[in-house]
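Please read the structure below before turning to the comments.
The values are calculated or read from the model by the stated rules, or taken from the named source; none is laboratory data. It should be emphasised that the depicted structure is a prediction, and the values quoted were computed from it without experimental measurement. Cβ atoms come from the backbone with ideal geometry, glycine included; neighbour counts cover every protein chain shown. Each accessible area value is taken on the protein alone, full model and side chains, heavy atoms only, with ligands, DNA and RNA left out. Shrake-Rupley method; radii C 1.70, N 1.55, O 1.52, S 1.80 Å.
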Amino acid sequence: MEGPEARLLLLQEARESIEAARSYRRELQQRLRGLHQARQQIRESATLTRDVLEQHFNDLKGTLKKLLDERLLSLLQEVDVIEQESIKPLDECQKLIEHGVSTADDLLREGESAVDGDVGEQNEKLCNFTKKALHIQLDSLPEVPSLVDVPCLSAQLDDCLLTILKNQIFSHGTVASRPPVQLEEFVEKPGGILVRWCKVDEDFAPQDYRLQFRRGGTGSPFEDAYVGSDTEFVVLHMDPNVDYQFRVCARGDGRQEWSPWSVPQLGRTTLVPHEWTAGLEGYSLSSRRNIALRNDSQSCGVLYSKAPTYSCGQTLTFRQTVGQPDRRDSLGVCVEQQNGFDSLQRDKAVCISTNGAVFVNGKEMTNQLPAVTSGSTVTFDMEVVQLGPCSNEGGNFKLRVTISSNNREVVFDWVLDQCCGSLYFGCSFSYPGWKVLVF
């Protein structure tokens with residue numbers, strides 16, 4: 001085929017081929033970046049592992065040398081004590097014998113002088129010498145211990161210590177190419193991130209997990225967020241649109257040491273945190289305004305959220321510390337704030353009472369949940385079901401609501417006369433002592 005149409009067709013095919021080549025090049029470049037990151041991870045982790053090993057074994061060598069020096073000093077001091085205590089009686093015996101030898105020498109000289117002296121003085125000298133000799137008791141000799149009765153010091157050194165140390169050292173430490181657990185998923189929460197992780201080593205039997213995080217990619221130290229047996233955790237008090245780095249490790253069943261850390265990953269939330277409205281008499285708020293405490297004030301009313309921050313498709317969670325219950329207590333969501341009510345058991349609201357009763361637009365449902373207990377969580381999940389046309393002027397609107405408490409749930413449809421992309425949440429308690437964390 002020739003002519004303008006054929007040329008246009010060829011140009012179109014050429015452009016499509018060019019676009020396909022560009023797309024192919026982008027994919028290849030992306031894979032090259034992936035290979036670069038993988039190579040960088042291997043090298044950086046290998047460098048870090050070398051540093052950790054060298055530091056650890058240098059510390060071990062220093063500690064081992066210190067312990068050996070301390071043990072050697074202790075044994076040498078023990079030798080000194082035994083030597084001094086054993087030599088002391090021998091020194092005393094030597095002094096006694098040397099004194100006896102000196103006395104004997106003096107006695108010998110005196111006796112020889114008496115024997116060889118003048119005849120006139122001889123009798124008197126001989127008499128004095130004999131008396132002196134009898135007084136000294138020349139037949140009494142100090143006892144000298146035999147060699148078998150005195151200490152003979154020696155060192156007993158068991159060579160099996162070297163064998164034990166050798167076996168322990170050669171089995172000390174391992175190098176893992178892959179951690180037994182890895183981070184699996186990050187789910188945005190208002191002012192927080194739900195972090196999930198999973199076991200990737202089938203032969204590893206975990207007992208506990210340890211999740212850590214830090215603000216930003218590097219620099220600041222990691223801090224513990226969770227230690228326990230669960231495989232997910234909501235990390236709260238996170239600023240929106242800020243990167244946080246996470247890592248997780250595990251401890252094997254019956255073991256004390258932790259496994260190597262997982263590959264660190266970045267997570268963030270774009271959702272602003274849920275906050276209670278400040279200034280309502282009867283409630284005191286935490287510094288982040290995500291915890292509300294029912295105080296001793298006699299004033300009662302509904303405490304609402306600062307803004308309609310709950311959106312359909314999310315999970316709204318309340319965790320509470322209980323006080324004295326009342327049938328008018330409520331935890332739930334509503335279309336709008338309405339002052340003058342002492343409970344969310346009203347129109348355009350769904351809620352659960354502290355005794356487990358569920359209310360939709362002020363009417364109690366037949367289905368009931370367990371009573372709210374201290375430390376338990378109550379969750380609200382909603383999805384939109386469109387009944388009719390919805391516009392800025394309103395229209396038929398239905399939300400499928402799931403309320404869960406203490407491992408039980410109720411599901412129902414909530415029909416409204418207006419579109420609701422986001423909702424307020426609220427609570428009301430008649431008596432003090434109730435404390436509610438919302439996330």
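So the values come out like this:
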| quantity | calculated |
| --- | --- |
| Exposed GluC sites (Glu not before Pro) absent - longest run of the chain, DSSP non-H/G/I/E/B, at most 11 other C-beta within 10 Å | 3-142 |
| Which of H99, H172 is most accessible, then next, and so on - probe 1.4 Å | H99, H172 |
| Cα long-axis angle, helix 160-170 against the chain (0 to 90 degrees, to the nearest 10) | 20 degrees |
| Paired Rg and Dmax values of region 163-203, which use every Cα atom, in angstrom | 18.4, 59 |
| Acute angle (nearest 10 degrees) that the helix 4-116 long axis makes with the longest principal axis of the chain, alpha-carbon atoms | 20 degrees |
| Exceeding the 23 Å Cα-Cα cut-off - candidates K65/K166; K189/K435; K306/K363; K88/K131; K348/K435; K348/K398 | K306/K363; K88/K131; K348/K435 |
| Accessible-area ranking of T269, T130, T366, largest first, probe 1.4 Å | T366, T130, T269 |
| Top of G332, G111, G282 by mean-square fluctuation, Gaussian network on the chain, Cα under 10 Å | G111 |
| Theoretical ellipticity at 222 nm over the chain - DSSP helices of four or more residues, -39500 (n - 2.57) apiece, nearest 500 | -12000 deg cm²/dmol |
| Rounded accessible area of I291 (nearest 10 Å², 1.4 Å probe) | 50 Å² |
| Net charge of Cβ neighbours under 13 Å - reference L67; Lys, Arg +1; Asp, Glu -1 | +1 |
| Degrees between helix 119-136 axis and first principal axis of the chain (Cα, 0 to 90, nearest 10) | 30 degrees |
| G356 long-range amide H proximity, modeled H, under 5 Å | V372 |
